[in-house]
Amino acid sequence: FITEENKIYKATCDSSAEIEITFIRDVNINEGEKHLGRMLFSKVRNRKTFVYRASDDPEIDGVQVSGELEGCELVAIHRCKLIYRRVSTVESPEVSVESLSKGRIIVSTKHCLDVFVDDFAPFVYFLTSTEQLSVLDIRSMQVRSIDLKYEGAFFHDIVGVHNGEITLRGQWMDDSYLFAKKLEEEKNMDQVIEENNQLALKLKQSEIENARLKNDLDELRKKFDELQLKVGRDQDE
């Protein structure tokens, strides 16, 4: 989450249900970093605009944006794909999906209260009303709807998805609650597990490569600073 002072923190909950707050970094507004909302950020590097998540490294990570999509809002980054939401003009709970070039996906829906993604699963979850969840499978580009009607309760946030169960925050009888709902098991979970294993390996390799690139970048900056000092001394002489 991000504070009014533009500081990014991470909240984690362990098996004992204790919440640990960890400081991640400051949003570097002075260097052109922008908060786009939904914990997404953008920055221009080498005259190219990149968007990335709060957990990403703004100097290395990110997906290049080739241009704005009129009438669309960037709501998520999932497996290096840009997920946009377009407000549907049709009075219908149905959700339509359009896949564009350069890894862009447009989801058209009348309402969108919240979006949740996890790179370890091939799904994008949209809370399309206070009583309905829409799930996009990016492999097939198919959307299925899940009814969330529950004795007068209504929902406004997706907390997360873990072990096939989605947790939402909502209201019931004027009080705030956390609600959990078991999701339908996918027909081919073996394939999902294998995809997750492959993705975890790629992410690990990417982390190693990013660390190497960051070290190289630090070395270049150090040499550049030393060169500037040397030039300054030569000019003084």
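Ranked for footprinting exposure by Cβ neighbours inside 10 Å, fewest first, LYS202, LYS110 give LYS202, LYS110. 3J(HN,Hα) couplings calculated from phi for segment 99-104 with the Karplus curve 6.51 cos²θ - 1.76 cosθ + 1.60 (θ = phi - 60°) are, in sequence order, 9, 10, 6, 6, x, 10 Hz; Gly and Pro show x. Neighbour counting of Cβ atoms within 10 Å sorts the residues LYS214, LYS223, fewest neighbours leading, into LYS223, LYS214.
Here's the list of lysines a cross-link from LYS149 could span, going by alpha-carbon distance under 26 Å and ignoring same-chain residues fewer than 8 apart: LYS110, LYS181, LYS182, LYS187. The 3J(HN,Hα) values that the Karplus relation (6.51, -1.76, 1.60; θ = phi - 60°) gives for segment 222-232 are, in residue order, 4, 5, 5, 4, 5, 5, 4, 4, 5, 4, x Hz. Gly and Pro appear as x. Computed over the chain, the quotient of the alpha carbon radius of gyration and 2.2 N^0.38 Å is 1.21. Of GLU91, GLU131, GLU209, the sequence from fewest to most neighbouring Cβ atoms within 10 angstrom is GLU91, GLU209, GLU131. Structure remark: mean-square fluctuation, Gaussian network model of the chain, C-alpha springs under 10 Å; the largest value among GLY67, GLY103, GLY32 belongs to GLY67. When the helices of the chain are scored as -39500 (n - 2.57) per DSSP H run of n ≥ 4 and the total is divided over every residue, the value at 222 nm lands at -7500 deg cm²/dmol. The charge dipole of the chain, taken about its Cα centre with unit charges on the Cβ of Lys, Arg, Asp and Glu (plus for the first two, minus for the last two), comes to roughly 760 debye.
With each label point set 7 Å from Cα along the Cα-Cβ vector, what nm distance links GLU73 and PHE154? Going by the 7 Å Cα→Cβ label model, 1.7 nm. The lysines whose alpha-carbon is closer than 17 Å to the alpha-carbon of LYS230, local same-chain residues fewer than 8 away aside, are LYS222. Springs between Cα atoms under 10 Å define the GNM used for the chain, and in it the highest mean-square fluctuation of TYR125, TYR177, TYR84 occurs at TYR177.
Coordinate-derived values only; no laboratory data. All figures in this text were calculated on a predicted structure; none of them were measured in a lab. Cβ: placed from backbone, ideal geometry, glycine included. Neighbour counts: every protein chain shown.
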